[in-house]
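Worksheet: the structure to be examined is printed underneath.
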Amino acid sequence: MTRRTGDRARVRLAALLVALVAAVGCAGGGLGQGAPQEPQPQQPRQSASPGAQQTRADGTTSVEEFKADFADAVDLAEQYWTAQFKASGEQFRPVRRVIPYQREGEVSCGGQPLPRNNAVYCSAGDFIAYDVNWSVSAFRQVGDAFLFYLLGHEYSHGIQVRLGIRYNFTIQQELQADCMAGAYIGDSVRAKRLTLDEGDLDEFREGLLAVGDDPNQPWFAEGSHGTAEQRTDSFFRGYEKSLDACGLG
């Protein structure tokens, strides 16, 4: 996957599969998803250095490359949602902060410490937080495509808050965020801001069948994200049909 705004080596979307199977079940944004809150004024966000010229899925990527690619994913999400809100006649305020952390409890959301090996959107503070060691490890194994899905899913939780969307069950919130992440990626591909290799979507579809909640987990349990089939259907519904398929109206 390549963002079409600079000189980046192409990373196959299929590389995302490994990270999804290993990690996305823990990458939900349920923490702090209480009543919708008014976003705080945007604070300046320190962007990563744009100096890295290439990302590779061969285990040799640097932290500098990770920072640059993560910044690309954040910037693209901000541009995407700014355009979507503008098209509806609304002004968009980006998620206030994106915070890396390294230790359990280093960052809290609504008084609850965030665990390691995770990424969440916190509505109480209007921020996305992610375990940087876990994220860099996944990035080194699979490349930057993982970051676009991860960031897109968590950013979608911020959009849900901005739109006042609140469901009775976690699974509804999470499957809608999967759909919105699919729309973000699909629309970006159609707008030629991201590129895919031939066959990537078929491989992505096959890989997503391995992702999902444990079959024995009740759908109504707090923290449920959906079965592999549900998550696959939600993501590709958004990817193929854009936001109209995600029930935002």
| query | From 77, 73, which residue is among the aliphatic types (A, V, I, L, M), touching a Leu at 6+ places or on another chain (Cβ under 9 Å) and modelled with pLDDT of 95 or more? | reply | 77
| Counting only residues that are touching a Phe, Trp or Tyr at 6+ places or on another chain (Cβ under 7 Å) and aliphatic (A, V, I, L, M), which one in the range 152-182 is modelled with the lowest pLDDT? | 181
| query | When residue 120 is evaluated against the numbered criteria (1) in contact (Cβ under 8 Å) with a residue 60 or more places away in the chain; (2) touching a Leu at 6+ places or on another chain (Cβ under 6 Å); (3) surrounded by fewer than 23 Cβ atoms within 10 Å (Cβ to Cβ), which criterion, by number, is the only one it fails? | reply | (3)
| Members of the range 209-234 that are surrounded by 16 or more Cβ atoms within 10 Å (Cβ to Cβ), part of a helix (DSSP H, G or I) and modelled with pLDDT under 90 | 228, 231, 232
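Taking the conditions exactly as written (part of a helix (DSSP H, G or I) and touching a helix residue (DSSP H, G or I) at 6+ places or on another chain (Cβ under 9 Å)), does residue 161 satisfy them or not?
So residue 161 does not fit the description; no.
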| request: Could you check residue 126 against (1) buried (at least 21 other Cβ atoms within 10 Å of the Cβ); (2) closer than 27 Å to residue 243 by Cβ; (3) modelled with pLDDT under 95; (4) acidic (Asp, Glu) and say which number it fails? | output: (3)
| query | Does the range 100-118 include one or more residues that are in a loop (DSSP other than H, G, I, E, B), of a type in the set (Lys, Arg) and modelled with pLDDT of 95 or more? | reply | no
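The values are calculated or read from the model by the stated rules, or taken from the named source; none is laboratory data. The shown structure was predicted, so the numbers you read here are calculated from the model rather than taken from an experiment. No Cβ is skipped: glycine too gets one built from the backbone with ideal geometry, and neighbour counts run over all protein chains shown.
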